[in-house]
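Here's the structure, in structure tokens; my notes come after.
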């Protein structure tokens, strides 16, 4: 190993996992080299193993906590004591929320629940780089991601379905990091639409935000099978009472530094968190149906939104007509004349298919490609992102790993 190589060790009894981690590291120019593989359980590590670890002095350790995560986390804490630049990536069975907190407190930078996959290993390394400001482009700083808020002043307009499917389609189309944030803190339903059961919520992140970094942030996020990530609303509405507008602003600013796109499903009322969300948004999409109650509510809220938008770009406020049918008695021209704003996009009325997807907890953009709603929504996402076709990487997943990992270990030339 030369002086510029990032030394790493793998402590794991599972040969398949060891080989997978070593393969990810070896096949790409990550600046990391595996200098030691310990194949015995951590509780069987003896003086000889410890001496090998001391001599190597690895800056990155992949640690399998085995079937005793409590003792495994204590061993992880031992590994990082006296080595402030050392990063430990834990691996093992899914931890309870309490144990996951203990892992972060013990100094575990990332925790990968089984099954361990190439993608999980890649993303854990990526997050380490982003944690101290690195990213794939190799620059020391990244531009904040785009934040799009979806809002309807009338319940039942389909705003949550639009926001959820937009997030999924946006990730599939762009292959960028997309976070869906449920800020309908009293009655949010994005987790239901994705068919996931979150362990943590936005409120949990608020309570611990004073010590959150990229590694701890990952513990609050649920990853959907599509690749989109979710920060959900709390299950109990009463928890939302403690969240302030200032906390919303701070957290959304933080999230924009770590994601390429942040999609927010807003509350249906003008609460402090909702207004704080609008302040941070690059665009607000007003979701309406073609009926008088929906349009009346949009008209009533426009003056406030237009005042907020006066310090934004001209296209900050956008109208999105959901469940649109050309045969509707109210035409798009009449809507635009009434509201004084052009309609940005329309989504076809395929109510039965959309409701079926909601009841199954499966986003329609993933499972019903023939639906006119899906086709319209994909067109909307294409217009939003400026990407007309899915990006194709002929080299596969492993070709995305060109990352400036040498920056994450705070090397000193002294």
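Here are the numbers:
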quantity	calculated
Rule-of-thumb Rg ratio for the stretch 146-385 [Cα; 2.2 N^0.38 Å; N residues]	0.96
Descending semi-axes in whole angstrom, ellipsoid equivalent of the stretch 6-139, from the Cα gyration tensor	21, 17, 15
Reciprocal of mean inverse Cα separation for the stretch 222-269 (Kirkwood radius, Å)	12.6 Å
Packing-based order for 284-295, 150-161, using average beta carbon neighbours within 10 Å, highest first	150-161, 284-295
Ordering of 20-26, 301-307 by burial proxy (mean other Cβ atoms within 10 Å per residue, highest first)	20-26, 301-307
Counting DSSP beta bridges with both ends in the stretch 146-385, the antiparallel % (nearest 5)	5 percent
Peptide ranges 315-324, 111-120, 194-203, 335-344 listed from the most packed, as the mean C-beta count within 10 angstrom indicates	315-324, 194-203, 111-120, 335-344
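We did not get these values from a lab; they are worked out from the coordinates using the rules stated. Everything numeric here is computed off the predicted structure, so don't read it as measured data. Positions of Cβ are generated from backbone atoms using ideal geometry, with glycine treated the same way; all protein chains shown enter the neighbour counts.
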